[in-house]
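Take a look at the structure set out below.
Bear in mind that the values in this text are calculations on the coordinates, not laboratory data. Since the structure is predicted, the reported quantities are computational estimates derived from the model, not experimental observations. Using ideal geometry, Cβ is built from the backbone for each residue, glycine included, and neighbour counts are taken over all protein chains shown.
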Amino acid sequence: MGTALIYDEEMTKYKLLWVDPACKIEVPERLTVSHEALVATGLADRCVSIPVREATEADILLVHSEEYLEGVKKTPYMTLEDLQEFTLQYGDVYFHPNIYHCAKLAIGASLQLVDAVMTGKVRNGMALVRPPGHHSMRSAASGFCVFNNVAIAAQYAKRQYGVKRVLIVDWDIHHGQGVQYCFEDDPSVLYFSWHRYEHQKFWPQLRESDFDSVGKEKGAGFNINVPWNKVKMQNSDYLSIFFHVLLPVAYEFSPDLVLVCAGFDSAIGDPEGEMCATPDIFAHLTHLLMNLAGGKVCAVLEGGYNLTSLPQSVCQTVQTLLGDPAPRPANLESPCKSALESLQCVRSAHRQYWSCLKHAADLPTSDISTKRIKLEEEGEKTGEGEEDKGTDEKVWAQPPKRVAPSIRTAVVLPDGVACPDQCERFSSPGDPDPLVVSKLRENYLKDGDDGNALTTLYSLTALADKMDRNEICSGLVLVRDVSMAMMCVVQHAATALSNRVLVVCVGDGKVRSDCSEDGKTLVVQFSSKESDDQRSKYYIPVCLQKGCSDVPGLLHSISGLLLPLGYEYDPGLVLLVQMPDSGICDSVWQQLIGLLQGLARGHTLVLMREDERTRVGPTASSLLGNAAPSLGQLHAPLPEDVKAVESLRHRLKSDWKLLQTTAPETG
Ligand SMILES: NCCCNCCCCCC(O)(O)C(F)(F)F
Ligand SMILES: [Zn+2]
């Protein structure tokens with residue numbers, strides 16, 4: 001299934017008609033440069049183009065009041081003075097004779113996208129719209145927003161398609177207070193937002209934008225606010241929040257639909273955000289959401305004011321929705337202290353609502369959780385946060401080209417096992433190199449091993465070479481002895497491949513950890529066995545009480561341990577080994593494959609024992625980039641497993657910075 005792109009140039013046909021410094025950044029060019037970039041890169045042509053439609057009054061009344069709608073309906077007929085007068089009752093927003101029409105198209109575009117995804121016409125998609133929506137409230141316009149596009153889309157999905165649970169991810173740099181107010185007491189809509197806050201000094205300067213606004217009554221726990229109290233946040237700050245807050249909670253919530261308030265003022269160069277995250281980070285943020293809700297992800301444009309990073313970020317998002325491998329998450333730093341304080345506060349505020357956060361630490365001792373009150377007393381609130389308007393023009397590298405190899409998934413299967421659709425059977429090219437053969441024979445083959453064990457091994461190393469050269473994206477190889485095959489790939493990688501290898505072992509079995517001393521390999525093993533091998537930074541045994549059959553436990557350790565480790569390690573190849581009798585179920589196995597493909601440009605090489613024939617189909621489907629089936633609502637992970645992950649993180653965080661979930665104790 002494809003990716004929808006919804007855009008209409010009519011939405012460029014309104015602009016600011018008078019002087020208002022607060023609104024001058026919201027210009028029609030935001031939309032034109034974004035759409036033009038999608039066309040120029042060829043991404044638009046790869047999407048399913050779906051027309052906009054006008055929202056009906058019924059659509060608008062899903063969220064807004066009649067009196068507000070009646071007021072906005074009059075704006076097309078107003079004089080310039082009347083428009084300015086009408087605008088004065090709201091904050092940081094402007095009206096125009098054509099903005100009501102465009103606002104109805106922005107809603108209609110969002111609803112067309114929901115229709116296309118919910119009816120299975122497409123897998124996912126993006127709506128390029130203006131005016132944006134997430135600040136507008138039931139009876140008020142705010143922050144360039146007239147109607148709340150995404151809030152209406154969520155209500156529409158529930159009413160029209162009986163969707164039970166909607167996740168709204170708002171990665172715009174401003175707090176979508178309109179969305180928060182709309183769903184505050186509604187447990188069927190989980191609203192997640194990060195936003196520049198600076199202890200309430202940054203617009204919209206609301207006390208309820210802070211981390212302790214968790215939702216009300218039945219909605220308690222279903223509103224997650226992550227305040228950024230400093231500017232210049234980087235990729236690692238954003239990813240840490242996804243790994244340690246959003247993903248664990250999202251998997252526990254198990255949404256039927258994911259809506260994204262896709263604002264790109266959180267990207268580097270934006271005058272509003274003043275952050276330092278690079279456009280390629282949106283490839284990873286998008287990818288990390290694509291295995292939720294069976295892949296039903298609808299991204300709707302919100303903000304974004306730098307006319308260079310905005311189109312780049314839009315392209316990164318759409319290219320990921322199309323299934324292209326994400327670029328490598330190059331050299332991630334440690335999250336900064338302020339980000340870790342926010343992370344700790346959010347996890348602490350929500351630990352009573354989400355079992356995956358049960359063992360989260362208390363509020364930090366630092367003054368973050370009281371700082372704003374002091375500011376209020378001292379009346380330090382100013383309009384724009386620190387007036388350090390960076391005059392230094394930000395520069396950043398062009399996002400790397402993301403070339404999808406001609407072969408997406410190659411397979412090496414025993415005779416009699418059918419090659420899955422869209423996969424290519426791989427056999428070793430030409431005659432095996434006698435040197436390699438003799439090495440394989442002496443190191444890995446027991447005497448009596450017949451010839452095809454050797455050809456399988458040779459094909460395996462040849463396949464790894466092709467992936468290393470980006471000629472093949474991912475691979476699946478069925479072997480007789482997975483441990484031996486794993487060692488073969490690790491040794492081959494150590495000598496022949498240019499990149500680091502992340503080895504993910506699912507299930508019990510002895511993994512010779514000496515292979516992981518030089519840093520060329522990082523081995524993470526999930527099993528039911530406590531390992532005494534705690535000495536190496538590069539061999540990380542994760543013990544789950546009930547082993548890999550425990551869905552919540554395994555997922556919790558994937559999002560809270562494996563992904564942070566994998567992103568920080570940034571391998572060139574991921575070797576995913578399913579040990580015999582691991583107990584892992586297909587749906588978690590598919591989630592794991594899906595999530596791991598965010599690493600190493602999708603170069604995931606899967607090893608399974610040759611009798612796991614029933615798993616060939618599901619494994620291939622995930623390697624091809626198809627979304628994993630939803631896991632359904634998760635019950636709590638075992639407390640001892642959550643504690644085990646916490647203590648592992650605590651032990652390893654000095655080596656692996658992305659494992660941190662608390663601010664360093666201020667000395
Ligand atoms: N220096 C100018 C002050 C601007 N203050 C208002 C900012 C509104 C942000 C709107 C947005 O980006 O959140 C949306 F996504 F809605 F478009
Ligand atoms: Zn914004």
Counting only helical runs of four or more DSSP H residues, what would the 222 nm mean residue ellipticity of the chain come to if each run contributes -39,500 (n - 2.57) and the total is spread over all its residues? -10500 deg cm²/dmol
Cα point-scatterer Debye curve for segment 257-311, base-10 log of I(q)/I(0) at q = 0.22, 0.26, 0.29 Å⁻¹: -0.80, -0.98, -1.10
Point-to-point label distance, E81-D415, nm (Cα→Cβ direction, 7 Å offset): 9.2
Using Cα-only point scatterers and the Debye equation, what is log10 of I(q)/I(0) for the chain at each q in 0.06, 0.07, 0.08, 0.09 Å⁻¹, rounded to two decimals? -0.33, -0.45, -0.59, -0.73
So what are segment 598-655's ellipsoid semi-axes, whole angstrom, largest first, if each one is the square root of 5 times an eigenvalue of the alpha-carbon gyration tensor? 29, 18, 14
Please list log₁₀ I(q)/I(0) at q = 0.14 Å⁻¹ for segment 71-110, using the Debye equation with identical point scatterers on the alpha-carbon positions. -0.30
Could you work out how far the C-alpha centroid of segment 569-621 sits from that of segment 261-284, in angstrom? 31
Cα convex hull of segment 407-658: mean projected area in nm², to one decimal? 12.9
Could you give the DSSP H helices of the chain that reach 24 angstrom or more along their long axis (alpha carbon positions) and whose average Kyte-Doolittle hydropathy is no lower than 1.0? 99-118
A 19 angstrom limit on the alpha carbon distance is what I want to check against. Which of K230/K394; K232/K653; K201/K394; K201/K230; K164/K358; K520/K643 exceed it? K232/K653; K201/K394; K164/K358; K520/K643
Students often forget the sequence filter, so: which lysines lie under 24 Å Cα-Cα from K401 once same-chain residues fewer than 8 apart are removed? K466
Please list, in order along segment 540-546, the HN-Hα scalar couplings obtained from phi with the Karplus expression 6.51 cos²θ - 1.76 cosθ + 1.60 (θ = phi - 60°), rounded to whole Hz, x for Gly and Pro. 10, x, 10, 9, 10, 3, 9
For a Förster distance of 51 Å, can you work out the FRET efficiency between the beta-carbons of D45 and K358, rounded to the nearest 0.05? 0.60
Mind checking which lysines have their C-alpha under 29 Å from K73, skipping anything on the same chain fewer than 8 residues away? K13, K15, K24, K104, K158
Below 8 Å, C-alpha to C-alpha, sequence gap of six or more: please give me the relative contact order for segment 407-658 in percent. 22
Just order 217-230, 276-289, 518-531 by mean Cβ neighbour count inside 10 Å, highest at the front, would you? 276-289, 217-230, 518-531
Interchain or sequence-distant (5+) residues whose placed amide H lies within less than 5 Å of the amide H of L5 are V48, S49, I50, M126
Give the long-range amide H neighbours of G475: residues separated by 5 or more places, or on another chain, with amide H under 5 Å away, using H modelled in the peptide plane at 1.01 Å from N. A410, T604, L605, V606
Explain nothing, just the number: relative contact order of the chain, from Cα pairs under 8 Å at least 6 residues apart, as a whole percent. 13
With labels modelled as points extended 7 Å from the Cα through the Cβ direction, what inter-label distance (nm, one decimal) is found for N499 paired with T56? 5.0
Part-to-part distance (alpha-carbon centres) for segment 462-529 and segment 407-437, which is given in Å: 17
Burial ranking of peptide ranges 252-264, 488-500, 36-48 (average Cβ count within 10 Å, highest at the top): 252-264, 488-500, 36-48
